[in-house]
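The next block holds one structure in the form of structure tokens; read it before the comments.
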Amino acid sequence: MDLVQTTILIFLPLFLTSIVLYLIRAVKGPTIGDQILAIDSLTYDLAALLVILGLFFREPILIVTAIPLALWIYSLDIYIAKYLEKREMGE
Amino acid sequence: MLKDIIIYLGLALIGLGGLSDLIASIGMHRFKNFYLRLHATTVGTIWGAVFPIIGASLIAFVYDELGSYRYLMGGAGLVTSLIILLLAPAGSHALARAVHRSRIVKVSPCIHDELDPELCGDKI
């Protein structure tokens with residue numbers, strides 16, 4: 001293990017702890033807005049975690065999974081916002 | 001020399017991102033209602049996702065152990081950070097607007113709500 005892998009191994013528990021805390025808020029959020037907001041933060045952190053894991057395991061192809069995650073969560077935001085305003089799903 | 005500087009810079013950005021993620025996820029539990037939790041989401045997306053991906057991309061450009069695909073990882077990482085930088089504020093703004101217009105959550109603490117005066121919760 002060189003410098004990069006050792007330092008990333010020190011920083012990994014920060015990301016994992018925050019993902020667990022976001023997950024708790026996503027399950028027990030009082031309204032649907034809180035749940036979607038928590039899933040929003042969780043997915044962006046998951047994208048960052050995947051890029052960092054690609055650096056840790058020396059697998060550059062893991063970067064491909066980060067872009068669809070970032071695009072998917074934006075479409076989820078827009079769908080939920082449209083559903084809350086109009087009470088119908090978009091075509 | 002330059003390689004060492006870039007690697008230290010990238011690792012510092014990754015550490016800053018992890019710390020900001022932890023702060024944002026604690027804030028997700030400390031704030032009281034939906035509109036206040038938007039602050040925590042801002043910290044968690046921009047500081048906690050955009051900056052670590054930029055740092056990882058900077059490392060990937062000069063990290064020889066990744067093999068011949070390291071330029072793909074660096075370039076795609078920069079594109080991902082740009083996508084998140086553009087889409088995260090737009091998504092959370094649309095969500096906040098929809099929640100306010102559908103009258104799910106009361107604004108609290110509130111001084112005056114010009115958009116919908118009935119939605120004003122407990123005053124300061």
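Every read-out reported here was derived from the displayed coordinates using simple, explicitly stated rules and does not represent laboratory data. Please read these numbers as outputs of a predicted model, since none were measured by experiment. Positions of Cβ are backbone-derived with ideal geometry, glycine not excepted, and every protein chain shown enters the neighbour counts.
Counting Lys and Arg as +1 and Asp and Glu as -1 over every other residue whose Cβ lies under 14 Å from the Cβ of B:L66, the net charge comes to -1. The order of the peptides B:84-91, B:65-72, A:44-51 by mean Cβ neighbours within 10 Å, most packed first, is A:44-51, B:84-91, B:65-72. Each part gets one Cα centre, and for segment A:42-77 versus segment B:27-42 those centres are 24 Å apart.
For the protein assembly as shown, the share of alpha carbon pairs falling in successive 10 Å distance bins from zero is 9, 33, 30, 17, 8, 3, 0 percent. Label-to-label distance, A:L53 versus B:L2, with points set 7 angstrom from Cα along the beta-carbon direction: 3.4 nm. Cross-link partners of B:K106 among lysines, defined as those whose alpha carbon lies under 29 angstrom from its own and excluding same-chain residues fewer than eight positions apart: A:K28, A:K82, A:K86, B:K32, B:K123. How are the C-alpha pair distances of chain B spread across 5 Å bins, as whole percents from the shortest bin up? Here the calculated profile for chain B is 2, 11, 15, 16, 15, 11, 9, 7, 6, 4, 3, 1, 0.
For chain A, the spread of Cα positions along the three principal axes, ordered from largest to smallest, is 54, 28, 11 Å.
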